[in-house]
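These notes are about the structure you will find just below.
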Amino acid sequence: MKEERELKLGWRKVKFGDVVRLSKARCADPLAEGVERFVGLEHLEPGDLRIRSWGNVADGVTFTSVFKPGQVLFGKRRAYQRKVAVADFSGVCSGDIYVFESIDPKVLLPELLPFICQTDAFFDHAVGTSAGSLSPRTNWKSLADFEFVLPSIEEQRRSVDLLQAAELTVQASEEAELKANELLRSLSKQQFSDSNFTNKQLASHYSIVSGQVDPVKQIIVIYH
């Protein structure tokens, strides 16, 4: 095919299901099997590949889908929310979350998989194949048919290095912003605490005329 001939050497068009496996690992009794954490859709943040929160299995859960570090979690319900994350711990997850993994790391680097799932093309395909009005869901058969161009393994390594570096930069920026906001709140609380102000009675600033407030002095809070 002409399109195939125009691809770079070592690149080829593949279907998602040819290089990605849907994990079907299950755990009937997570608590008895020593599983400590569970992840629901509410624990996945749109556009964030990290899992920042989770629930405790000991608190009670009905989830049975098992995931392990390195696998990709994809929210199949309301795919337009763009919920994708890489697990860095083991646990069980909601049935509305698919667990993906590379079939062969020599063909598709596992580290590249989450970035493929984050592409606009993949999300558009997921949303376009979703069914249901209130809680539309896509399905594995449809996702497996998604076609994309897979680079050579050398190019995948280069892409992963760049994408992970960009991800780390974003994370560092977000963490710096959080710390700056925490510092600002702390300073504001310290500087504008009640102990730093002299309160004066309202009558010392206002006189009441015909039921209306008439300023006779500037209304200020005196700061030491």
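Quick notes on this structure:
- The stretch 137-156 residues that are over 26 Å from Gln81 (Cβ atoms), paired with ones that are of a type in the set (Ser, Thr, Tyr) (beta carbon under 7 Å, 6 or more apart): Pro151/Ser159
- Top-ranked residue in the stretch 92-107 [being open to solvent by 40 Å² or more (accessible area, probe 1.4 Å) and among the charged types (D, E, K, R); ranked as nearest to Asp29 (Cα to Cα)]: Glu101
- Test: residue in the stretch 151-158 that is at pLDDT 90 or above, within 24 Å of the chain's Cα centre (by Cα) and open to solvent by less than 90 Å² (accessible area, probe 1.4 Å): yes
- Qualifying residue in the stretch 78-91 (condition: of a type in the set (Ser, Thr, Tyr), open to solvent by 20 Å² or more (accessible area, probe 1.4 Å), in a strand (DSSP E or B) and modelled with pLDDT of 95 or more): no
- Pick from the stretch 25-48, criterion modelled with pLDDT of 95 or more and closer than 20 Å to Cys117 by Cα, ranking: surrounded by the most Cβ atoms within 10 Å (Cβ to Cβ): Leu44
The values are calculated or read from the model by the stated rules, or taken from the named source; none is laboratory data. In this text the structure is predicted, and so the values were computed from the model without any measurement. Every residue, glycine as well, gets a Cβ built from its backbone with ideal geometry; the counts of neighbours run over all protein chains shown. These accessible areas exclude ligands, DNA and RNA; they are computed on the full protein's heavy atoms, side chains included. Shrake-Rupley method; radii C 1.70, N 1.55, O 1.52, S 1.80 Å.
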